[in-house]
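Quick note: the coordinates plus some simple rules give every number you see, no bench work behind them. As the structure is a computational prediction, the values presented were derived from the model and not from experiment. Cβ sites come from the backbone with ideal geometry, for glycine too, and all protein chains shown count toward neighbours.
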Amino acid sequence: MTRRGRILTIGVYGFDRESFLRRLGDAGAGLLLDVRQRRGVRGSEYAWANSRRLQAALAEAGIAYEHHPELAPTTELRQLQYAEDDRRGVGKRSRRELAAEYVRRYTTEILDGADLAPIVSALSGGRTAALLCVERDPEACHRSLIAQRLADEHRVAVEHLRPL
């Protein structure tokens, strides 16, 4: 069974602008797929990851950008995860895993109805793209669910990029 390109996943937390771009470049990313609902990050430390600044930086680095809001969790789903984080006493930036109910609902409400064909097509010919959200660890973010679906159903190789 042949693999159809490669999907990376990457978060914002733990990176600065330069290390983020370097990590993507070293991994061979030619396209960044932003799967955030709101394309901003709170705090001056991560101002570089706000949509306009990020797109400008990616363009300078020769990496294309696409926003895929259809793959973003709804506000209601995010609130469900935040409630579980509160129950566990963890913050968004320190979360290590997704709540089981969040995973179930994201999968049935968003992922099961999503058309991943455009992403698979973008990976044709062995191209590499990266799914972007904010969490440092992919296990704490919906981007890992998208990547796993691409691996399981479309034979796409997956690599999770983390800050060094």
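Numerical summary
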item: Extreme residue, positive dipole direction of the stretch 44-164, given options Ala56, Leu132, Ala117 (C-beta unit charges); result: Ala56
item: J(HN,Hα) series, the stretch 156-164, from Karplus relation 6.51 cos²θ - 1.76 cosθ + 1.60, nearest Hz, glycine and proline x; result: 8, 6, 10, 9, 9, 8, 10, x, 7
item: Estimated vicinal HN-Hα couplings, Hz - the stretch 104-121 in sequence order (Karplus 6.51, -1.76, 1.60; Gly, Pro = x); result: 4, 6, 4, 4, 6, 8, 10, 5, 4, x, 7, 8, 8, 4, x, 5, 4, 4
item: All Cα pairs of the stretch 100-155, percent lying beyond 16 Å; result: 45
item: P(r) histogram, all alpha-carbon pairs of the chain included - 5 Å bins from 0, percent; result: 2, 9, 19, 23, 21, 16, 9, 3, 0, 0
item: Sequence of Ile119, Ile63, Ile7 once ranked by neighbouring C-beta atoms within 10 Å, starting from the fewest; result: Ile63, Ile119, Ile7
item: Vicinal HN-Hα couplings computed from phi for the stretch 75-82 (Karplus, 6.51 cos²θ - 1.76 cosθ + 1.60; Hz; Gly/Pro x); result: 4, 4, 5, 4, 5, 4, 5, 4
item: Alpha carbon convex hull of the stretch 69-164, volume per residue in cubic angstrom; result: 98
